[in-house]
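The values are calculated or read from the model by the stated rules, or taken from the named source; none is laboratory data. No experiment lies behind these values; they were computed from the predicted model shown. Quick reminder, even Gly has a Cβ in these numbers, built from the backbone with ideal geometry, and neighbours come from all protein chains shown. These accessible areas exclude ligands, DNA and RNA; they are computed on the full protein's heavy atoms, side chains included. Shrake-Rupley method; radii C 1.70, N 1.55, O 1.52, S 1.80 Å.
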Amino acid sequence: MLSENVIQTIKETAPVLAEQGIEITDLFYQKLFLNHPELKNIFNMANQAQGDQSKALAESIFMYASKIDELQELTPMVKRIAHKHASLSIQPEHYPIVGKYLLEAIQQHLSLPNNHPILEAWGVAYNALADIFIATEEDIYTANEQKLNGWRGFKPFKIDQIVTESNNVKSFYLKAKDGLHPKFDAGQYVGVRIKPEQQGYEEIRQYSLSNAPGDDFYRITVKSEKNHSSCPGVVSNYLHDAHENETVWLQPPTGDFVIQNPNDQHMTFIAGGVGITPLLSMLLQQLPKVDANQLTFIQCCRSSEHHIMKDALNDLQQQYGFNYYVAYEAESGGDHKGILTHDVLQEWLPNTQSDIYFCGAKPFMRSVNEICLNMGFNEEQLHYEIFGPTTKLS
């Protein structure tokens with residue numbers, strides 16, 4: 001239980017963190033990796049280079065500071081981040097290390113003397129938050145371990161099959177070397193660990209599972225980032241250059257972007273590019289269980305060349321009869337040419353009663369979110385997953 005003095009001090013510093021948070025977190029990461037380079041085996045160094053991780057951490061710290069006396073409101077954020085931490089195998093011993101250099105960064109950036117009340121308050125507040133994360137993450141680890149065929153930590157998987165799905169996108173069918181594949185919730189992801197030969201540290205990335213829960217394999221569908229000039233994807237390119245029978249290491253499936261009520265009849269899935277992956281798993285889960293006429297799947301692609309799993313989805317639509325619409329941004333040939341608009345969604349969505357699940361690049365999701373709110377959907381009906389660090393959609 002935090003004292004009133006600690007709470008008051010933390011809340012008073014919230015405006016400073018909102019204004020200078022990124023500078024503080026940039027300094028924190030510099031100190032962290034200088035003194036503990038082994039943590040590069042856990043952190044996504046591409047996100048570090050782009051500044052995404054600093055922004056996400058700054059936003060989280062500000063949110064914590066502003067809600068320090070209403071911690072129950074942070075539960076969704078804590079759960080989301082804890083699932084991401086679990087996919088990286090974050091351990092309790094990591095938290096004191098992070099706390100040490102976070103406090104040092106605050107002290108240096110704000111030019112505070114030792115034992116300043118702000119530092120003492122943040123030390124207490126950080127330890128309280130660390131305890132929450134440690135407990136939440138242990139619950140995730142324990143639950144995954146206790147599942148039928150479950151496990152804890154990374155274990156080896158064989159790349160059993162590689163399928164080209166579209167331009168720059170391949171699916172990887174992964175089979176556990178011990179033959180055990182616990183069931184997952186549609187929408188969840190796995191942490192995939194590799195060690196590129198040219199690097200001194202390992203790389204871990206999260207990839208949504210794109211197959212149906214209950215299969216005797218896991219499937220991830222990955223876009224290659226070789227042509228991304230600012231930050232070529234280390235792990236995606238490693239996978240695209242891999243061959244069948246090679247080994248990767250996986251954490252158990254985690255993540256809270258899952259169907260909120262699987263018994264709901266009305267659901268809409270809106271996919272932008274490779275954001276289709278968790279949504280396809282959700283669709284595959286629901287098709288045998290509900291009236292397919294009440295399911296709507298909207299797929300947005302740059303062009304037919306980038307239409308991921310085109311044949312498979314058309315076959316599924318023929319088999320089950322769900323509502324399937326395709327928008328090509330740059331060419332005709334789909335149900336709409338151009339980006340999604342209010343008028344297009346108004347035509348494709350018969351009412352505002354269904355829950356909407358959407359995933360894709362942040363600008364795409366920002367647009368979908370805004371359109372749906374303007375159409376009359378409420379925030380509780382809108383569910384989405386952000387690839388990469390957890391930052392605000394806006």
Measure up LYS79/LYS100; LYS40/LYS67; LYS177/LYS289; LYS40/LYS223 against 26 Å on the Cα-Cα distance and list the ones that go over.
LYS40/LYS67; LYS177/LYS289
Beta bridges per DSSP with both ends in the chain, % antiparallel, nearest 5:
55
Counting only protein heavy atoms, what percent of the accessible surface of the chain is carbon or sulfur at a 1.4 Å probe?
48
Here the FRET efficiency for ALA312 versus ASN114, based on Cβ atoms and R0 = 56 Å and rounded to 0.05, is 0.35
Before I look further, what does region 1-81 give for accessible area per residue, probe 1.4 Å, in whole square angstrom?
52
Hey, what's region 199-273 come to in accessible area per residue, 1.4 Å probe, Å²?
40
So, by mean Cβ neighbours within 10 angstrom, what's the order for 65-73, 171-179 with the highest one leading?
171-179, 65-73
Given a Förster distance of 22 angstrom, what is the FRET efficiency for HIS243 paired with LYS177, based on the Cβ-Cβ distance and rounded to 0.05?
0.85
Taking the Cα centre of the chain as the origin, how large is its charge dipole in debye, to the nearest 20, when only Lys and Arg (+1) and Asp and Glu (-1) carry charge on their Cβ atoms?
720
Just subtract the alpha-carbon distance of GLU380 and GLU305 from 0.36 nm times their residue separation and send over the number in nm, one decimal.
23.5 nm
According to the square roots a ≥ b ≥ c of the eigenvalues of the Cα gyration tensor, what is the shape class of the chain, taking rounded for a/c under 1.5, prolate for a/b larger than b/c otherwise, and oblate for the remainder?
prolate
Taking Cα centroids, how far is region 113-179 from region 9-26 in Å?
27
All aspartates and glutamates inside 14 Å of LYS158 as judged from Cα atoms, apart from same-chain residues fewer than 8 positions distant:
ASP178, ASP216, GLU244, GLU246
With a/c under 1.5 counting as rounded, go ahead and sort region 132-180 into rounded, prolate or oblate using the C-alpha gyration tensor (a ≥ b ≥ c being the square roots of the eigenvalues; past the cut-off, prolate if a/b is larger than b/c, else oblate).
oblate
Extension gain (nm, one decimal) between THR75 and ALA361, 0.36 nm per residue minus Cα-Cα
100.5 nm
So how much slack lies between GLU138 and GLN20, counting 0.36 nm per residue of separation and subtracting their Cα-Cα distance, in nm?
39.3 nm
By the C-alpha gyration tensor axes a ≥ b ≥ c (rounded if a/c is under 1.5, else prolate when a/b exceeds b/c, else oblate), the shape of region 271-394 is rounded
Explain nothing, just compute: Karplus ³J(HN,Hα) = 6.51 cos²θ - 1.76 cosθ + 1.60, θ = phi - 60°, for every residue of region 182-190 in order, whole Hz, x for Gly and Pro.
x, 5, 10, 8, 3, x, 7, 10, 10
With label points built 7 Å along Cα→Cβ from the Cα atoms of HIS36 and GLU145, find their separation and express it in nm.
2.1
